[in-house]
1. Say whether the condition of being more than 17 Å from I155 (Cβ to Cβ), of a type in the set (V, I, T) and under 30 Å from the mean Cα position of the chain (by Cα) is met by at least one residue in region 191-208.
2. If D234 satisfies every condition in (1) assigned to a loop (DSSP other than H, G, I, E, B); (2) under 26 Å from E177 (Cα atoms); (3) modelled with pLDDT under 90 but one, which is the exception?
3. Take the conditions assigned by TED's automatic domain parsing to the domain that holds G219, loosely packed, with under 12 Cβ neighbours inside 10 Å and among the polar types (S, T, N, Q) and apply them to Q165. Does it pass?
4. Does L139 satisfy being under 30 Å from the mean Cα position of the chain (by Cα), surrounded by 10 or more Cβ atoms within 10 Å (Cβ to Cβ) and modelled with pLDDT under 90?
5. Which of (1) out of contact with any helix residue (DSSP H, G or I) (no Cβ under 8 Å at 6 or more places or on another chain); (2) part of a loop (DSSP other than H, G, I, E, B); (3) among the charged types (D, E, K, R) does E103 not meet, given it meets every other one?
6. So E211 fits all but one of (1) surrounded by 15 or more Cβ atoms within 10 Å (Cβ to Cβ); (2) modelled with pLDDT of 90 or more; what number is the exception?
7. Looking only at region 79-96, count how many residues are of a type in the set (F, W, Y) and either within 12 Å of F41 (Cα to Cα) or modelled with pLDDT under 90 (or both).
8. Quick one: which residue in L208, L179, L255 is part of a strand (DSSP E or B), on the phi < 0 side of the Ramachandran plot and in contact with a Pro (Cβ under 8 Å, 6 or more places away or on another chain)?
Amino acid sequence: DMIRTNQQQALTSQDYETYPLYEIQALSEQKQDLINHIIVFENYPVEEQVEQLGEGAESDFEIRNAGMIEQTNYDFNLVVMPQEAMKIRFEYNAKRYDREAVERTQGHLIQLLEQVVAKPDIRVHELDMVSEQEREQILSVWGNTAAEYPSEQTIHGLFETQTAQTPEQAALFFEGEQLTYRELNARANRLARTLRSQGVTKDRLVGLMTERSVDLIVGILGILKAGGAYVPIDPTYPEERIRYMLDDSGAELLLTQSHLVDKVAFDGNVLVL
């Protein structure tokens, strides 16, 4: 009975041995966007065998100009073919990737392979994909962001200096909304005066719970101008986490947006931006 059961299970499992990728994609909600690249390891050297068919000296059968044409629905394919020297082919959709990007990916793969050849027992997490040239570009060129500025000045002091120089220049853009330096500074000043009236002075912590918005920047500048320090709180955090952050920081005032007021029960004062 056990043998018969195992045979039945083996026969039944054959229905699930292979499942075409296009059917998987068709059954998903994303349809054709589910899979956009594949990695293929050819388990039979097809091109080599085709060439050998025409090499027999005793055969009248001759193949000339043998070649293969493949078509794929995927934007990027990495094909590995077994030969005397392993052959790796990159196929890509030129409408999605430019040649420079693919060559950069090729360089990364070569970088990884060279490390494995040099040290076969290397662990995966020890592999470094970035080449020396790219590392130099990242660190020395892109990473060279040092700039001279008055280090004795505060952030809001520097902002006010810039406001005096370019008051009508756009200082903040967000989803179609725009504030000049003068407008942003005026809003921050109004908030700072309100915070002062609420008892915010030097070194007082103020909770700041807003979504990414103009209110967020006004809140930061206003708190700094009042002399306090802000405790940034992500409104997507669970209520318990938000309450803990407020209690742990000792903040007695919470700045937030109107639609987030009910997000957490707070014993201190709540001010709507």
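The values are calculated or read from the model by the stated rules, or taken from the named source; none is laboratory data. Computed from a prediction, not measured in an experiment: that's the story for all the values here. Cβ coordinates were reconstructed from backbone atoms using ideal geometry, including for glycine residues, and neighbour counts include every protein chain displayed.
1. No, region 191-208 has no match at all.
2. Among (1) assigned to a loop (DSSP other than H, G, I, E, B); (2) under 26 Å from E177 (Cα atoms); (3) modelled with pLDDT under 90, D234 violates only (3).
3. Working: assigned by TED's automatic domain parsing to the domain that holds G219: yes; loosely packed, with under 12 Cβ neighbours inside 10 Å: yes; among the polar types (S, T, N, Q): yes.
When the stated conditions are applied, Q165 passes them.
4. Details: under 30 Å from the mean Cα position of the chain (by Cα): yes; surrounded by 10 or more Cβ atoms within 10 Å (Cβ to Cβ): yes; modelled with pLDDT under 90: yes.
Judged against the criteria, L139 is a match.
5. Of (1) out of contact with any helix residue (DSSP H, G or I) (no Cβ under 8 Å at 6 or more places or on another chain); (2) part of a loop (DSSP other than H, G, I, E, B); (3) among the charged types (D, E, K, R), only one is false for E103: (2).
6. (1)
7. Residues of region 79-96 of a type in the set (F, W, Y): 90, 92.
When the remaining residues are screened for being either within 12 Å of F41 (Cα to Cα) or modelled with pLDDT under 90 (or both), the result is none.
The qualifying residues number 0.
8. On the way: L179 fails: in contact with a Pro (Cβ under 8 Å, 6 or more places away or on another chain); L255 fails: in contact with a Pro (Cβ under 8 Å, 6 or more places away or on another chain).
After ruling out the rest, the residue left standing is L208.
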